[in-house]
Amino acid sequence: MSLPDIVGDLRALAPDLRGRLTANAPLGEATWFRVGGSAQVLVSPADEEDLAYLLSALPRGISVTTIGLGSNLIVRDGGVEGVVIRLGGQAFGAIEFAPGAQVVAGAAAPDQRVAKAAAEAGLDGLVFLRGVPGSIGGALRMNAGAHGGEIADALIQARGVDRSGERRVLSNAEMGFAYRHSSAPRDFIFTSATFQGRPADPAAIAADMERIIRAREASQPIREKTGGSTFKNPTGFKAWELIDKAGCRGLRLGGAQVSMMHCNFLINLGEATAADLEALGEEVRRRVFETSGVALDWEIMRIGLAMPD
């Protein structure tokens, strides 16, 4: 489904924008599931100043959606209206080190690359990021975690730009972290984060990361067209156990399947649509609630419009 081309309108609103604008840019290949429609306009800002300029020029009536590496995302088949912002390049992907064992990472830096960079610098405290797919911006938004660690444990502060174009810094406390959640304003676009590391033996850190890599490969369908964990773990339960007990391991709908290896992962078998994946997830939720009385909450983000019947 093609959405109206508004690139000309945006150029008129923000004539000094230095970043790239692309009309009806396909988003499916930008996600790990490899499904979904197009962005009405995909914007790649040149740097934080360019992002702030764009947001300050955009009328409130134009919706703004931010995506990262697409590891925790289903883009619906009808595409995404308005402006979709995807940060990239050195301006948003750099990893640097500051005094006091601090690590400063751009929002577009892959979580796993940040973990490896910190390890090579002899800094512990970010090893858990080796098991987190995606980029730092998404990790901040959802307080991502794995293998006993999460963003809330290490973050000092996060930089970003709000919907009005104002650049702001949020402390760890201001992020309002909870399990797989932050209370940062929904329209706040993260641009970088500062983390606290701990000096340690690089060999010991590397051994911890190797353990995480082996655990992921042994338990998760990382070679498939999949995403991160589909559902959050309800208090007192593990989502995968509830899904398994509901008889959903291997369940198929269209081209989508619940993973046989780890049933809190959905898989695109090759021809799935976003609608297949989302409907399969909702069927899993229905069966789990029917068998256990527990309502699963999505951890995978779903954005955009459903394809009209």
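The values are calculated or read from the model by the stated rules, or taken from the named source; none is laboratory data. Note that the structure is a prediction, hence the values are computed from the model and not measured. A quick note on method: Cβ atoms are made from the backbone with ideal geometry, for glycine too, and the neighbour counts reach across all protein chains shown. The accessibility values were calculated without ligands, DNA or RNA, using every heavy atom of the protein model including side chains. Shrake-Rupley method; radii C 1.70, N 1.55, O 1.52, S 1.80 Å.
Worth pointing out:
- The sum of -39500 (n - 2.57) across all DSSP H runs of n ≥ 4, divided by the residue count of the chain, sets its helix-only mean residue ellipticity at 222 nm to -8000 deg cm²/dmol.
- Heavy-atom surface of the range 55-188, accessible at 1.4 Å and reported per residue (Å²): 38
- Aspartates and glutamates with Cα under 13 Å of residue 225, excluding same-chain neighbours fewer than 8 positions away: 29, 271
- Potential lengthening between residue 63 and residue 113 on full extension [0.36 nm per residue; Cα-Cα distance subtracted]: 14.9 nm
- Taking a ≥ b ≥ c as the square roots of the eigenvalues of the Cα gyration tensor, the chain is classed as oblate, since a/c reaches at least 1.5 and a/b does not exceed b/c.
- Between residue 241 and residue 153, the FRET efficiency from the beta-carbon distance, with R0 = 30 Å, is close to 0.75.
- Three-way shape label, the range 155-205, alpha-carbon gyration tensor, a/c 1.5: prolate
- Centre-to-centre, using Cα atoms only, the range 211-287 and the range 90-160 are separated by 26 Å.
- Across the range 187-193, computed HN-Hα scalar couplings (Karplus, 6.51 cos²θ - 1.76 cosθ + 1.60, θ = phi - 60°) run 8, 7, 9, 6, 10, 6, 8 Hz from first to last residue, x flagging Gly and Pro.
- Virtual spin-label span in nm between residue 222 and residue 162, 7 Å along Cα→Cβ: 3.9
- Alpha-carbon centroid distance for the pair the range 27-57 / the range 169-196, whole angstrom: 20
- What the Cβ-Cβ distance of residue 305 and residue 97 gives, at R0 = 41 Å and to the nearest 0.05, is a FRET efficiency of 0.45.
- Range in the chain, longest, excluding exposed chymotrypsin sites (Phe, Trp or Tyr not before Pro) [loop by DSSP; at most 15 other beta-carbon atoms within 10 Å]: 1-178
- Shape category assigned to the range 172-250 from the gyration tensor of Cα positions, a/c cut at 1.5: oblate
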